[in-house]
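Contents: one structure, followed by commentary.
The values are calculated or read from the model by the stated rules, or taken from the named source; none is laboratory data. Fair warning: this is a prediction, and the values are worked out from it, not measured in the lab. Don't worry about glycine lacking a Cβ; one is built from the backbone with ideal geometry, like all the others, and counts go over all protein chains shown.
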Amino acid sequence: MRRTLPGAFLVGAFLLAAIASVGSAGAAERVKITGEAIDTWCYFSGVMGGSDAVVGSAHHTCALWCAAGGIPVGLLADDGTVYMVLKLEADDRMNGGDTLLDLQSERIVADGILYERDGVKYIVVEQILANEGIVNLTHEDYGHVPPFAIPELN
């Protein structure tokens, strides 16, 4: 079968675009990040309240359900930066399912490799250097139902 010039041109252009996009990703860099393992759906969507509402024990059960349901786990650094956790230590599985259930809502120090593409930061956690457990916002701090979880009626 003979390939036409326009078809060959399109294939070549596609390959060049693919190579260029790989080259546009930032270089990998070793980092040490201190922060809390978070549920990215609730954090970004605001469905459960502001960013202060979806951390610590006040959001722990929801964070477990989201992670178990396949929602990517993030690492919310002390400076407010969110990193998508792609992999944890020597676990062969990628982020999702029960991979990170043991860390949800816990404050950790992670050593790993940072990747960035199109403004999104990703981390492959090679080692958990420290784990302080759940240290943020308890139900005692808010009462049984945090006030931000109750919608205002107009």
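Key figures for this structure:
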item: Of the criteria (1) closer than 19 Å to residue 116 by Cβ; (2) crowded, with 22+ Cβ neighbours inside 10 Å; (3) not hydroxyl-bearing (Ser, Thr, Tyr), which one residue 63 fails; result: (1)
item: Candidate set: region 105-154, residues that are loosely packed, with under 14 Cβ neighbours inside 10 Å and among the small types (Gly, Ala, Ser); chosen: the one modelled with the highest pLDDT; result: 130
item: Scope region 26-40; condition assigned to a loop (DSSP other than H, G, I, E, B) and touching a strand residue (DSSP E or B) at 6+ places or on another chain (Cβ under 6 Å); matching residues; result: 26, 28
item: Restricting region 83-97 to residues that are within 16 Å of residue 30 (Cα to Cα) and touching a helix residue (DSSP H, G or I) at 6+ places or on another chain (Cβ under 8 Å), the residue that is modelled with the highest pLDDT; result: 84
item: Members of region 41-82 found to be farther than 20 Å from residue 125 by Cα, in contact (Cβ under 8 Å) with a residue 12 or more places away in the chain, in a loop (DSSP other than H, G, I, E, B) and over 14 Å from the mean Cα position of the chain (by Cα), listed by number; result: 48, 49, 50, 56, 57, 58, 59
item: Number of the condition not met by residue 101 [criteria: (1) aliphatic (A, V, I, L, M); (2) surrounded by fewer than 17 Cβ atoms within 10 Å (Cβ to Cβ); (3) modelled with pLDDT of 85 or more]; result: (3)
item: Residues that are touching a Leu at 6+ places or on another chain (Cβ under 8 Å) and within 19 Å of residue 90 (Cβ to Cβ), drawn from region 116-133; result: 122, 123, 124, 125, 128, 131
